Amino acid sequence: MKKILYCFLFAGCAAVIPSEPTARLEFSAPDSYPEGIAYDSIANKYYVSSARLGTIGSVTSAGAYTALYTDPTLKSSYGLKLHPDGKSLYACIGDANYSKFTSPDTRKKMARLISIDITTGKKLQDIDLSTLVPGEHFPNDLIFDSNRNAYITDSFANVIYKVTPEGKANVFADSPLFKTKGVGLNGIVFHPNGYLLACSSGTGAVYKISISNPKQVQKVSTDQFFVNADGLLLTNAKKLILVQNGGSDKIYELTSEDGWSSAKLSASTLAADRFTYPSTATKAMDKVMVMNANFSELVDSTSVPSQKFAIQHARLMPLPKSK
């Protein structure tokens, strides 16, 4: 196919805009609907979750999918992160929406954090978070800090949990700023300067939460809100990748020059890239790679369940700087 390139003027400079989608790594995992993604640089493979089956799998650079851990009691698996030691994989487990194994006793009630040995595929930890705060639960994403504490967002309870390396769990942050209807707190990252950044699908805002004083929560001032914001990825101290789905299906880069009190939109993907309900992002070598979750099919009764899914390169095109 012949490539067609379009030229635009950005801030007085000509920019060539590609018209074709970026590269995709396709893999066969029928009916799994992966949402979370984590890249293992040592093994050169991806780990992916499953909102439909709960299975946690791995995908090689050649696109070969293998189940790492299978257990119907997982219901759905969402956010994934490799532990800082590189030996285990942590996953958010719940029954929020799309599970094939949903049941009345777990629907919107289950909230677990599990860890899996990536060499043996055996479960190492299984921590119940559902009793920490009353109401509905949807454990969605997680991150580790420099002391190997894990922080987990609950998109229905709209709190952030903390789990110590020893497995002790508590409610870390619970702010009125987080409260919203439907799916709220979602993606989360740790900043090396001692705070968390988390986004909300419902409010479209990004929040800064102090590690030393979790009552200190502020909304990051941005040029726009990102309703249906999903995964976050910090690529350096000043740059944050934000994945947005729900119709927009784009990936944005935000840049901050004041320690994330405020941020400017600095780059985004193009409509030509045709992401299919992108959910979460991971850094693979020098590229930002995004999981296409295809969740639109799960709310459309006429859709045929996907047999294949794709991890896609997020080509971020610089935006004109505001004056």
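When you look at SER268, is it touching a Phe, Trp or Tyr at 6+ places or on another chain (Cβ under 8 Å), within 28 Å of LEU298 (Cα to Cα) and surrounded by fewer than 23 Cβ atoms within 10 Å (Cβ to Cβ), yes or no? For SER268, the condition - touching a Phe, Trp or Tyr at 6+ places or on another chain (Cβ under 8 Å), within 28 Å of LEU298 (Cα to Cα) and surrounded by fewer than 23 Cβ atoms within 10 Å (Cβ to Cβ) - is met. Kindly indicate whether TYR6 is at negative phi, assigned to a strand (DSSP E or B) and modelled with pLDDT of 95 or more. Taking the combined requirement at face value, the residue does not satisfy it. Residues that are surrounded by 24 or more Cβ atoms within 10 Å (Cβ to Cβ) and charged (D, E, K, R): does segment 87-110 have at least one? Yes, because at least one residue in segment 87-110 is surrounded by 24 or more Cβ atoms within 10 Å (Cβ to Cβ) and charged (D, E, K, R). If only residues of segment 309-321 that are in a loop (DSSP other than H, G, I, E, B) and either modelled with pLDDT of 95 or more or within 17 Å of the chain's Cα centre (by Cα) (or both) are counted, the one that is surrounded by the most Cβ atoms within 10 Å (Cβ to Cβ) is ALA314.
For residues that are among the small types (Gly, Ala, Ser) and part of a loop (DSSP other than H, G, I, E, B), scanning just segment 132-160, find the one that is surrounded by the fewest Cβ atoms within 10 Å (Cβ to Cβ).
Per the criteria, the residue is SER146.
None of ASN158, ASN170 is touching a Leu at 6+ places or on another chain (Cβ under 7 Å), closer than 15 Å to LYS219 by Cβ and polar (S, T, N, Q) except ASN158. How about segment 274-323: which of its residues are basic (Lys, Arg) and either over 23 Å from ALA64 (Cβ atoms) or in contact with a helix residue (DSSP H, G or I) (Cβ under 7 Å, 6 or more places away or on another chain) (or both)? Of everything in segment 274-323, those that are basic (Lys, Arg) and either over 23 Å from ALA64 (Cβ atoms) or in contact with a helix residue (DSSP H, G or I) (Cβ under 7 Å, 6 or more places away or on another chain) (or both) turn out to be ARG274, ARG315, LYS321, LYS323. The single residue among ALA263, ALA205, ALA229 that is within 23 Å of SER175 (Cα to Cα) and in contact with a Lys or Arg (Cβ under 6 Å, 6 or more places away or on another chain) turns out to be ALA205. Scan the strands (runs of 3 or more DSSP E) fully inside segment 16-84 and keep the ones with 3 or more residues being more than 15 Å from ASN140 (Cα to Cα) and either charged (D, E, K, R) or touching a residue at least 40 places away in the same chain (Cβ under 8 Å) (or both). By residue number, 24-28, 45-48.
Of the residues making up segment 86-131, those that are assigned to a strand (DSSP E or B), of a type in the set (A, V, I, L, M) and in contact with a Phe, Trp or Tyr (Cβ under 6 Å, 6 or more places away or on another chain) are LEU89, ILE116. Of all the residues in segment 177-206, those that are over 23 Å from SER77 (Cβ atoms) and in a loop (DSSP other than H, G, I, E, B) number 9. What do you reckon, is ASP230 part of a loop (DSSP other than H, G, I, E, B), acidic (Asp, Glu) and at pLDDT 95 or above? No: the conditions fail for ASP230. Screening the candidates SER306, SER301, SER248 for the property of being surrounded by 14 or more Cβ atoms within 10 Å (Cβ to Cβ), more than 20 Å from the chain's Cα centre (by Cα), part of a loop (DSSP other than H, G, I, E, B) and not acidic (Asp, Glu) yields one hit, SER306. Contact map, segment 95-113: residues that are under 26 Å from LEU82 (Cα atoms) and of a type in the set (Lys, Arg) paired with residues that are at pLDDT below 95 and crowded, with 23+ Cβ neighbours inside 10 Å, Cβ distance under 7 Å, separation 6+ or inter-chain. No pairs are found.
The values are calculated or read from the model by the stated rules, or taken from the named source; none is laboratory data. Bear in mind that the values here come from a model prediction, so they are computed numbers and not experimental data. Every residue, glycine as well, gets a Cβ built from its backbone with ideal geometry; the counts of neighbours run over all protein chains shown.
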